[in-house]
Amino acid sequence: MITLNVNGKRLEVDVDPSTPLLWVLRDSLGLTGTKYGCGMAQCGACTVHLDGQAIRSCVKRASDAVGRQITTIEGLSTDLSHPLQRAWIEIDVPQCGYCQSGQIMSAAVLLAENPKPSDDDIDDAMSGNICRCGTYSRIREAIHRAAEMKTAGRRAE
Amino acid sequence: MSTTKQAISRRDFLRTSAAVGGGLLIAIHLPKLASATESFAPADPFAPNAFIRIRSDDIITVIINKSEMGQGPYTSLAMLAAEELEADWSKVRYESAPVDPAYNHPVFGIQMTGGSTSTASEWERFRKAGATARVMLIAAAGQNWNVDPKSLRAEKSFVIDSASGRRASFGSLADAAAKLQPPKDVTLKDPKDYKIIGKSTRRLDTPAKVNGTAQFGIDVQAPGLLTAVVARSPVFGGKVLSFNADKARAVPGVVDVVQIPSGVAVIGKGFWPAKLGRDKLEVKWDDGANASLSTTAMRADFAKLAQSPGLVAKKVGDPGKTLAGAAKTITAEFEVPYLAHATMEPLNCVVDLKSDACEIWTGTQFQTGDRMAAATIAGLKPEQVKIHTTFLGGGFGRRANPANDFVGEAVHVAKAIKSPVKVVWTREDDMHGGYYRPMWYDRMVGGVDANGNPIAWTHTIVGQSIMLGTPFEQFGIQNGIDTTSVEGAADLLYGIPNVQVDLHTPKLTIPVLWWRSVGHSHNGFAVEAFLDELAHLGGKDPVQLRRTLLTNQPRMKALLDLVAEKAKWDSPVPAGRGRGIATHFSFDSYVAQVAEVSVDKTGEVRVHKVVCAVDCGRVVNPDSVIAQMQGGIVFGLSAALKDAITFENGRVQQRNFHDYPMVRMNESPEIEVHIMPSTEPPTGVGEPGVPPVAPAVANAIFAATGKRVRRLPIGRVDMG
Ligand code: FES
Ligand code: FES
């Protein structure tokens with residue numbers, strides 16, 4: 001039995017602590033927004049936040065996440081209000097959609113650390129996330145758009 | 001699968017019945033096709049079925065019979081119905097169709113998604129479904145108000161009586177409309193009055209795809225649902241000799257290990273225990289006939305075959321004689337490898353099998369066939385099998401398998417363990433699972449006259465048949481020629497007076513399948529790269545030469561001019577770069593692309609920009625067309641630059657994205673898409689963006705370096 005803090009909730013999970021966090025999230029906690037794509041830190045589909053950092057949950061043991069804040073796509077916002085979600089909808093980024101949870105979680109850390117990323121910054125932060133449908137140009141556009149929304153939002157405050 | 005183009009019958013048969021909970025339900029049946037695919041069709045056509053449901057609360061649900069794998073039918077087909085219905089778009093929802101003959105593909109006669117046909121084949125049916133509903137709602141209002149329906153009109157989900165100013169919402173009329181007879185025929189709108197069709201419309205499925213709620217097959221959960229990971233033969237056609245499950249069973253969370261026809265399934269409480277158990281499983285395999293399969297040997301065999309002509313698929317004039325008298329000739333051999341679809345969501349399937357029913361949740365492109373296969377394995381009637389089509393995390397043809405591999409196997413597992421089960425393929429399983437795009441070897445000879453104009457062209461194609469051994473064989477293979485092997489080559493648009501295209505079909509047992517753009521994926525490369533070589537041989541500009549050869553192809557010629565203008569073909573290329581052009585006609589659509597590349601001293605290729613022009617007839621959702629071109633270009637680039645499935649000792653050598661890599665954000669070019677305005681009927685967009693990329697890049701590499709690329713993947717250009 002381990003205790004995990006997921007999307008602000010403390011949850012007891014009866015699981016072998018060496019299980020990758022991805023499968024604890026998906027199979028034990030039913031948080032299926034986080035996806036399996038490769039299982040070896042190659043594709044980014046499984047990206048979640050661990051204490052605000054983007055990590056590949058397919059290669060992170062659940063025990064290593066104990067005592068830390070885990071955020072999944074389900075915890076990014078409850079009402080599609082995160083600027084990245086709004087930008088993703090405005091620009092209609094997803095095709096099949098399977099990679100998009102991971103894309104958005106990677107982009108969220110980028111924007112938190114760098115409110116006005118350049119194209120090179122986007123290349124650096126996002127090249128660990130594969131999109132087989134090839135939505136890269138829209139992801140890039142949507143990250144720029146979300147950055148604008150955030151800046152505009154701050155100005156309004 | 002851009003196979004036969006049959007006229008879609010206009011004698012549609014309409015039926016209505018009251019929807020559950022009140023409301024209007026409309027179904028339009030097309031007469032069943034007496035086609036070669038009849039064996040797929042379930043015997044009993046009875047089922048309540050529908051394309052449109054309108055609830056009393058005004059919510060309009062459009063039932064979509066096409067699988068949503070990224071290409072957007074949940075939105076674009078709903079747009080067709082909503083347009084004719086005069087619906088308030090904000091009230092429109094989608095629902096995935098169950099399996100029923102009412103939802104069969106109007107041309108292929110089975111329920112499936114493929115061949116870039118969703119919009120083209122449903123263009124009329126969904127608009128008619130909407131128009132029929134509108135006519136009935138107006139008639140219901142006419143009855144209520146006791147006025148001639150002809151004096152009424154529909155707008156934004158209301159029926160309006162302009163004379164009296166009365167308005168009734170669609171929802172308030174649904175019950176009354178359900179009691180009416182559907183009209184025998186409906187008049188469709190004049191396209192100039194379109195309010196929805198032709199306007200970029202945000203996809204209805206995007207919100208669910210940005211908050212983690214979109215359910216893919218792999219996400220399906222149910223109490224007590226077990227997970228299976230299967231050990232399959234490392235060699236195609238291999239069989240289990242024996243296995244020892246002791247260590248697998250010792251893994252905590254593993255509940256069972258069973259043999260099934262495709263291998264040995266390890267069953268666990270969740271993916272991780274099942275996968276660990278599978279890793280510990282000891283299986284002795286009989287590798288079978290493919291034990292020594294090797295790519296090196298296959299390439300040598302293919303190259304040898306290509307030296308003599310195969311079965312003739314097309315012959316015009318006398319290419320042999322003309323070549324002998326040509327001013328200059330050139331011979332070139334092109335090669336492309338086996339390719340995996342590598343959908344982002346690995347294959348998976350959930351099965352709940354009972355004695356008298358079977359329920360399946362999966363992302364399939366092939367509902368009718370999968371249901372038949374499941375029924376046969378389960379010993380049930382097809383109508384006892386229910387398939388819930390979830391979102392597909394990519395399809396690209398892999399989930400349209402006439403062999404029904406991932407569905408059939410899951411039913412076998414469910415049958416063996418007598419429990420609901422989700423079979424999950426690891427990325428490695430998916431990569432090794434076969435049903436690849438075939439490897440191809442193309443030998444081409446061309447000749448130009450004294451003025452540098454191409455006068456003769458021969459193209460010998462060598463590669464496995466996709467259709468052979470499938471139910472599509474009867475119409476897909478004509479006189480020994482699989483039409484998908486020669487598509488994009490035998491239907492060459494260029495006006496070259498002497499042409500021969502012929503085909504060798506080596507009988508290999510590597511499972512092969514349609515891979516986004518099918519035969520066009522290799523013929524587009526060979527044809528367009530070779531035409532560039534011919535242009536160079538004759539001292540012609542590649543765009544100018546194509547323009548001359550396309551005199552009788554006004555749509556492609558206009559598109560060529562558009563792309564050349566947008567890519568500034570006639571102005572100098574930025575220093576260190578080269579531009580290449582390719583055009584290709586596939587799935588009844590025309591696409592032209594110009595790639596701008598640079599190659600560094602080590603031979604590494606960088607694709608900076610791709611300008612794309614497309615003519616796909618009338619456009620339903622322009623933004624979706626742009627998305628499909630963008631996606632097709634990136635998909636084609638991974639294949640052009642990076643990917644190959646190769647064999648050694650019968651075994652596939654690639655395992656995961658580290659050795660079967662994808663183009664990533666930092667390598668993704670700037671892409672510009674231009675849509676040619678058109679009033680022609682809509683044609684395909686899911687696949688046609690793929691074929692021109694590889695040749696456009698190869699031709700651009702030549703422009704930049706003087707080096708010809710004749711073999712994919714390009715990897716590094718040999719700068720020696
Ligand atoms: S599933 Fe974790 S990086 Fe691919
Ligand atoms: S949207 Fe399909 S993999 Fe990215």
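The values are calculated or read from the model by the stated rules, or taken from the named source; none is laboratory data. All of these numbers come straight from a predicted model, not from anything done at the bench. Counting neighbours? That spans all protein chains shown, and the Cβs are built from the backbone with ideal geometry, glycine included. Note: accessible area is taken over every heavy atom of the protein model, side chains too, but ligands, DNA and RNA are not part of it. Shrake-Rupley method; radii C 1.70, N 1.55, O 1.52, S 1.80 Å.
Some notes on this structure:
- Count of the stretch A:19-57 residues which are away from ligand 1 (no atom under 16 Å from the Cβ), within 10 Å of another protein chain (Cβ to nearest Cβ), in a loop (DSSP other than H, G, I, E, B) and open to solvent by 40 Å² or more (accessible area, probe 1.4 Å): 0
- Taking the conditions (1) in the same structural domain as A:Tyr136 (by TED's automatic domain parsing); (2) within 13 Å of ligand 1 (Cβ to nearest atom); (3) not in a helix (DSSP H, G or I) in turn, A:Pro94 satisfies each one other than (2).
- Residue check, B:Ile675 touching a strand residue (DSSP E or B) at 6+ places or on another chain (Cβ under 9 Å), buried (at least 21 other Cβ atoms within 10 Å of the Cβ) and not basic (Lys, Arg): no
- Extreme residue, surrounded by the fewest Cβ atoms within 10 Å (Cβ to Cβ), among residues of the stretch B:506-532 that are charged (D, E, K, R) and touching a Phe, Trp or Tyr at 6+ places or on another chain (Cβ under 8 Å): B:Asp532
- For the stretch B:673-686, the count of residues that are within 30 Å of B:Gly198 (Cα to Cα), within 14 Å of chain A (Cβ to nearest Cβ), outside any helix (DSSP H, G or I) and not aliphatic (A, V, I, L, M) is nonzero.
- Looking across the stretch A:102-116, the residues that are open to solvent by less than 10 Å² (accessible area, probe 1.4 Å) and either near ligand 2 (Cβ under 10 Å from one of its atoms) or not in a helix (DSSP H, G or I) (or both) come down to A:Gly102, A:Gln103.
- Residues within the stretch B:629-646 that are open to solvent by less than 10 Å² (accessible area, probe 1.4 Å) and either touching a residue at least 40 places away in the same chain (Cβ under 8 Å) or not assigned by TED's automatic domain parsing to the domain that holds B:His522 (or both), tallied: 10
- B:Pro223 over 20 Å from B:Leu347 (Cβ atoms), at pLDDT below 95, open to solvent by 40 Å² or more (accessible area, probe 1.4 Å) and out of contact with any strand residue (DSSP E or B) (no Cβ under 6 Å at 6 or more places or on another chain): yes
- When we screen B:Arg203, B:Arg249 for residues that are under 30 Å from B:Ile675 (Cα atoms) and either more than 13 Å from every other protein chain (Cβ to nearest Cβ) or surrounded by 22 or more Cβ atoms within 10 Å (Cβ to Cβ) (or both), the only hit is B:Arg203.
- Taken over the stretch A:98-154, the criterion of being within 16 Å of ligand 1 (Cβ to nearest atom), β-branched (Val, Ile, Thr) and facing another protein chain (nearest Cβ under 10 Å) is satisfied by A:Ile104, A:Ile130.
- Filtering the stretch B:189-200 for residues that are closer than 21 Å to B:Tyr94 by Cβ and assigned to a helix (DSSP H, G or I) leaves an empty set.
- Of note, B:Asp430 does not satisfy the criterion of being more than 16 Å from ligand 2 (Cβ to nearest atom) and of a type outside the set (S, T, N, Q).
- Single condition A:Gly134 does not satisfy, out of (1) of a type in the set (Gly, Ala, Ser); (2) in contact (Cβ under 8 Å) with a residue 40 or more places away in the chain; (3) surrounded by 21 or more Cβ atoms within 10 Å (Cβ to Cβ); (4) within 16 Å of ligand 2 (Cβ to nearest atom): (2)
- Considering B:Thr113, B:Thr117, the condition of being at pLDDT below 95, open to solvent by 10 Å² or more (accessible area, probe 1.4 Å), outside the structural domain of B:Gly476 (by TED's automatic domain parsing) and not hydrophobic (A, V, I, L, M, F, W, C) is satisfied by B:Thr117 alone.
Conditions (1) more than 16 Å from ligand 2 (Cβ to nearest atom); (2) more than 15 Å from A:Ile2 (Cβ to Cβ), marked per residue:
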residue: A:Thr19; (1), (2): yes, no
residue: A:Leu31; (1), (2): yes, yes
residue: A:Met40; (1), (2): yes, yes
residue: A:Gly44; (1), (2): no, yes
residue: A:Gly52; (1), (2): yes, yes
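- Residue in the stretch B:335-347 that is outside any helix (DSSP H, G or I), surrounded by fewer than 18 Cβ atoms within 10 Å (Cβ to Cβ) and either within 16 Å of ligand 2 (Cβ to nearest atom) or assigned by TED's automatic domain parsing to the domain that holds B:Gly650 (or both) present: no
- Cβ-Cβ under 8 Å pairs, at least 6 apart or on other chains, the stretch B:72-101 side closer than 21 Å to B:Asp57 by Cβ, far side of a type in the set (Asp, Glu) and open to solvent by 10 Å² or more (accessible area, probe 1.4 Å): B:Glu86/B:Glu155; B:Asp88/B:Asp58; B:Lys91/B:Asp58
- In the stretch B:536-573, the residues that are among the charged types (D, E, K, R), in a loop (DSSP other than H, G, I, E, B) and at negative phi: B:Lys540, B:Asp541, B:Asp570
- Some residue of the stretch A:77-89 being of a type in the set (A, V, I, L, M, F, W, C), within 13 Å of ligand 2 (Cβ to nearest atom) and more than 21 Å from B:Gly270 (Cβ to Cβ): yes
- Within the stretch B:647-672, the set of residues being open to solvent by less than 60 Å² (accessible area, probe 1.4 Å), within 10 Å of chain A (Cβ to nearest Cβ) and part of a strand (DSSP E or B) comprises B:Ile671, B:Glu672.
- Subset tally (residues that are of a type outside the set (Lys, Arg) and closer than 28 Å to B:Asp718 by Cα) for the stretch B:605-626: 6
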